[in-house]
Every structure is written in structure tokens, then in C-alpha cells.
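Colleague: Sharing a structure with you now.
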Amino acid sequence: MAEHFLPIRRRSIQRLARDQWGSGSSVWAADDRRVPDVDQITVAEDVAPPQHIRDVLELAVGKTVCVRTRRYVMEGRPVMLSASYLPQQLVDGSPITQADTGPGGIYARLADLGHAPARFREEIRVHMPSADEAARLAIPADRSVIKLARTARDAAGRAVEINEMTMDSAAYVLDYEFEA
């Protein structure tokens with residue numbers, strides 16, 4: 001990997017503000033002047049979710065999810081793998097089921113559906129990568145990855161999206177700034 005790569009400063013508080021995605025801007029615009037490319041994207045509908053996703057989304061047995069997976073690349077370097085899980089019944093037939101969701105991304109489209117994110121929760125852990133994660137991120141198997149799980153809830157408290165991210169730990173600085 002290039003030694004001159006400047007880590008991405010991920011500003012979680014600012015990037016998830018409604019005036020960011022609500023204005024049609026990408027959440028990435030809050031991080032720094034660089035915007036990554038998505039070089040791999042898949043959208044799968046009617047997927048049976050893993051149990052931990054089913055539990056958080058409070059889905060009854062037999063209910064399915066739409067899964068959006070992406071690989072983000074910055075300056076030719078893979079930096080993050082991301083999988084968003086959304087209740088299929090909620091997003092069925094919407095632009096969320098398309099590769100390009102339009103301005104503002106998933107959160108703006110959830111707002112169009114009457115389920116704008118009103119609250120986010122992020123849980124951060126650090127792990128050693130699986131062989132697949134190391135290969136997809138093009139990192140050594142002994143470099144840790146940041147596992148960030150974000151749950152978006154609408155004003156009624158319903159979980160409308162879970163995004164599980166796997167980040168190259170050498171590519172990120174997690175920056176949290178907020179009022180006391």
C-alpha cells in the first residue's frame with residue numbers, strides 16, 4: 001500500500017445530520033474533501049436475514065430484508081465493505097432496491113417513504129479480518145479491521161436500517177465532536 005495515503009477522517013456526528021442527507025448531499029461529504037468510489041455493489045431482495053439482524057429490525061419469522069452491499073475505494077485503495085439491511089416490506093418497489101438510490105442516498109429515500117431516520121446508534125469494535133475481508137480490502141491478514149454497526153430508527157422508534165461496515169483500520173480516523 002502507498003505510504004502517502006492520508007487516512008479518511010470520518011466525522012460521524014456531522015455525516016448523519018439530517019441537513020446533510022436531507023439536502024441531497026452524500027454522507028461522505030461531511031468527512032473530508034475526498035469522496036470514495038463504489039467499485040462493487042449488489043442489491044439482493046427477499047433475503048432471509050441473519051438472526052441478529054432479524055432481532056434488531058424486529059422482523060417476524062418469514063419476513064425478509066433487502067441487502068445492499070458495497071465496496072468503497074479511495075485513491076485506488078479499498079477502504080471499506082458495507083452491508084445495509086432494510087425491511088423488504090418497507091422498501092419494496094422503492095429506489096432503495098436499485099443500485100443508484102438518487103441524491104441523499106438511502107436516508108433520503110427512507111424519508112420519501114415516511115420513515116426518515118430520526119436517531120442513529122453506532123457500535124464500534126475491532127477484530128482481525130476474516131480471509132474474505134482481508135482479500136476484499138487488500139490488506140494483510142494480521143491488520144485489524146474496524147467493525148462499525150449502525151442502526152437507523154425513524155421517529156416512531158422503528159429500526160429501518162442496519163449498516164454493518166468493515167473498515168481498513170489503517171485507512172480511518174474516527175472523529176466524534178458534539179456539544180456538551
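Colleague: For region 28-69, which residues satisfy the criterion of being at pLDDT below 95 and touching a Pro at 6+ places or on another chain (Cβ under 7 Å)?
Modeller: W28, the sole residue that qualifies.
Colleague: Let me ask something else about it. Consider R77 carefully, then state whether it is buried (at least 16 other Cβ atoms within 10 Å of the Cβ) and over 30 Å from A60 (Cα atoms).
Modeller: So R77 fits the description; yes.
Colleague: Separate question: Is it the case, given these coordinates, that E133 is under 12 Å from the mean Cα position of the chain (by Cα) and either farther than 23 Å from Y176 by Cα or in contact (Cβ under 8 Å) with a residue 40 or more places away in the chain (or both)?
Modeller: Numbers: under 12 Å from the mean Cα position of the chain (by Cα): no; either farther than 23 Å from Y176 by Cα or in contact (Cβ under 8 Å) with a residue 40 or more places away in the chain (or both): yes.
When the stated conditions are applied, E133 does not pass them.
Colleague: Among (1) farther than 25 Å from V47 by Cβ; (2) within 16 Å of the chain's Cα centre (by Cα); (3) at pLDDT 95 or above, where does L174 come up short?
Modeller: Single failed check for L174: (3).
For every residue, the table says whether it meets (1) touching a Phe, Trp or Tyr at 6+ places or on another chain (Cβ under 8 Å); (2) assigned to a strand (DSSP E or B).
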| site | (1), (2) |
| --- | --- |
| T42 | no, yes |
| H52 | no, no |
| L59 | no, no |
| G62 | no, no |
| C66 | yes, yes |
| Y72 | no, yes |
| V79 | yes, yes |
| A83 | no, yes |
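Colleague: Test G105 against the criterion of being crowded, with 19+ Cβ neighbours inside 10 Å and within 23 Å of I41 (Cα to Cα), and give yes or no. Steps first, please.
Modeller: Details: crowded, with 19+ Cβ neighbours inside 10 Å: yes; within 23 Å of I41 (Cα to Cα): yes.
Spelling it out, G105 is indeed crowded, with 19+ Cβ neighbours inside 10 Å and within 23 Å of I41 (Cα to Cα).
Colleague: Can you pull out every residue in region 84-112 that is under 15 Å from A159 (Cβ atoms) and touching a residue at least 60 places away in the same chain (Cβ under 8 Å)?
Modeller: If the condition is that a residue be under 15 Å from A159 (Cβ atoms) and touching a residue at least 60 places away in the same chain (Cβ under 8 Å), then S84, Y85, L86, P87, L90, Y107 are the ones that fit.
Colleague: Filter region 80-102 down to the residues that are in contact with a Cys (Cβ under 8 Å, 6 or more places away or on another chain) and of a type in the set (A, V, I, L, M), then identify the one that is surrounded by the fewest Cβ atoms within 10 Å (Cβ to Cβ).
Modeller: V91
Colleague: Quickly run through region 102-115 and pick out the residues that are modelled with pLDDT of 95 or more and in a loop (DSSP other than H, G, I, E, B).
Modeller: L113, G114, H115
Colleague: Can you find even one residue in region 108-123 that is closer than 18 Å to Y72 by Cβ and among the hydrophobic types (A, V, I, L, M, F, W, C)?
Modeller: Within region 108-123 (the criterion being closer than 18 Å to Y72 by Cβ and among the hydrophobic types (A, V, I, L, M, F, W, C)), the answer is no, since none of the residues qualifies.
Colleague: Please go through region 154-174 and pick out each residue that is part of a strand (DSSP E or B) and closer than 28 Å to A131 by Cα.
Modeller: E161, I162, N163, E164, M165, T166, M167, D168, Y172, V173, L174
Colleague: In region 120-153, which residues are part of a loop (DSSP other than H, G, I, E, B) and either touching a Cys at 6+ places or on another chain (Cβ under 9 Å) or among the hydrophobic types (A, V, I, L, M, F, W, C) (or both)?
Modeller: M128, A138, I139, A141
The values are calculated or read from the model by the stated rules, or taken from the named source; none is laboratory data. Quick caveat: nothing in here was measured; it's all calculated off a predicted structure. We place every Cβ from the backbone using ideal geometry, glycine too, and count neighbours over all the protein chains shown.
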